[in-house]
Amino acid sequence: MKPSSTRLALAAAALLIAAPATAQTALPPTSSPAASPQATTAKECGACHMVYPASLLPARSWTKLMGGLASHFGENAMLDPATATTIAAFLTTNAGDVSGNRRLRGLSASDTPLRITDTPGWIRSHRKITAAEFSSAKVKSRSNCVACHAGAAQGSFEGDED
Amino acid sequence: MTRFVILLPVLLAAAAAQAAPGPAQQAELDAYTGMAKAADPNFGGFSAARGQALFLATSKTARPDTPSCTTCHTTDPTKVGRTRAGKEIGPMALSAKPDRYSVMADTEKWFARNCDSVLMRACTPMEKGDFITFMTGQ
C-alpha cells in the first residue's frame, strides 16, 4: 500500500470506530449473540461479584435492578442495550417467584427488594448470625454468600441450616 | 524507502525490549487518537505521565464509595485489585496481564462505568489514550 492510501485507510477505520463510541449511550455490545443467556449473565454480573442465582429475587426486583444499572449500589454498572436485554430476560424467566422459591414466601406483592438480604427468607435463615460474624475476616460482607455456602454460585444452599 | 525497510525491524526490536503495546493495544490507541483529533485538531499525542496522574488522583466529584481508580485497582498497576464486593481484578499493567486493552467493546464499557463512578462524567478520548499509554508501558 502506498503511504497516502495507508493513511486514508487508517483515517476511515478511525472514523468507523469513533462514530458509535463517542455517544455514551451507544456502547458497543460486549456479549456475543452465540453465547447462552446464562453464560452472558455469569460473565457480566460475575465481573464484579458472585453470580447470585436468579431464584433469590422475584422477577419485578430483577426488572428494577436492570433498569437502574447507571447507579448500582453506589457504582455505575451500565451495559450495552443488547447485553442488558439478554440478561434481564434470563433473570426474570428464572426468578424466584416464577420458579416458586419458598424463600420468597412472605414477601408482599407490593414489595420490590433490590437486596437479597432484604428478602424474608434470607432474614429468617440468618437471624442467629451476629454482626461480628458477618464482619469477620472470613465473611467480610453479607453479600459474600460463598464464605459459608460453598455451592452458592451454583444456586445450591442445600444442607445449610435454615 | 530501502533505508526505511532496513530500519523498521531495528525499530520494532527496540520497542519490544521495553513494555510496549502489541497490535491489539495499538489498534485501541489508534482509535482513541482518531477520536482525540476529532475533538481537538491541535491534539498533540498521548502522555503516560498524564495517564498516571489520572490513575492516582483522588477525585473531588466521586461517588462516596469510589474516590479513585486505585480504590479497586490499587496504586500498583502490576498488582491484583479487588472490587467493592471482594472479587479479584487482574492487574492493569500490560506486562502483568498481556490481554489488557485488546477488546475495544470491553475497554469502552469499563471506561464508561469507572469514569462515571469516580469522576461523575465520561472520560475524554485523550484521557482514555493517556491511561492506556501509561498502562501499556507498565
*asked:* Condition (residue is within 14 Å of chain B (Cβ to nearest Cβ) and assigned to a helix (DSSP H, G or I)) applied to segment A:97-114: is it met by at least one residue?
replied: no
*List, please: which pairs have Cβ atoms under 6 Å, are six or more places apart or on different chains, and start with a residue in segment A:124-149 that is within 11 Å of another protein chain (Cβ to nearest Cβ) and in a helix (DSSP H, G or I) and end with one that is modelled with pLDDT under 90 and surrounded by fewer than 14 Cβ atoms within 10 Å (Cβ to Cβ)?*
A:147/A:138
*Residues (buried (at least 18 other Cβ atoms within 10 Å of the Cβ), away from chain B (no Cβ under 13 Å) and not polar (S, T, N, Q)) located in segment A:77-93*: A:87, A:88, A:90, A:91
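Looking at segment A:55-76 only, could you name the residues that are in a loop (DSSP other than H, G, I, E, B) and either exposed (fewer than 14 other Cβ atoms within 10 Å of the Cβ) or more than 14 Å from every other protein chain (Cβ to nearest Cβ) (or both)?
Our first condition is that a residue be in a loop (DSSP other than H, G, I, E, B); within segment A:55-76, this holds for A:57-58, A:68, A:73-74, A:76.
Correct list: A:57, A:58, A:68, A:74.
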_Residues located in segment A:90-132, provided they are within 20 Å of the chain's Cα centre (by Cα) and of a type in the set (S, T, N, Q)_ = A:92, A:93, A:94, A:99, A:101, A:112, A:117, A:119
*Which of the residues belonging to segment B:27-73 are within 18 Å of residue B:132 (Cβ to Cβ), away from chain A (no Cβ under 14 Å) and of a type in the set (Ser, Thr, Tyr)?*
B:47, B:70
*Somewhere in segment B:99-111, is a residue more than 13 Å from chain A (Cβ to nearest Cβ) and either more than 13 Å from the chain's Cα centre (by Cα) or not hydroxyl-bearing (Ser, Thr, Tyr) (or both)?*
yes
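The values are calculated or read from the model by the stated rules, or taken from the named source; none is laboratory data. Computed from a prediction, not measured in an experiment: that's the story for all the values here. Glycine also receives a Cβ, built like all others from the backbone with ideal geometry; neighbour counts cover every protein chain displayed.
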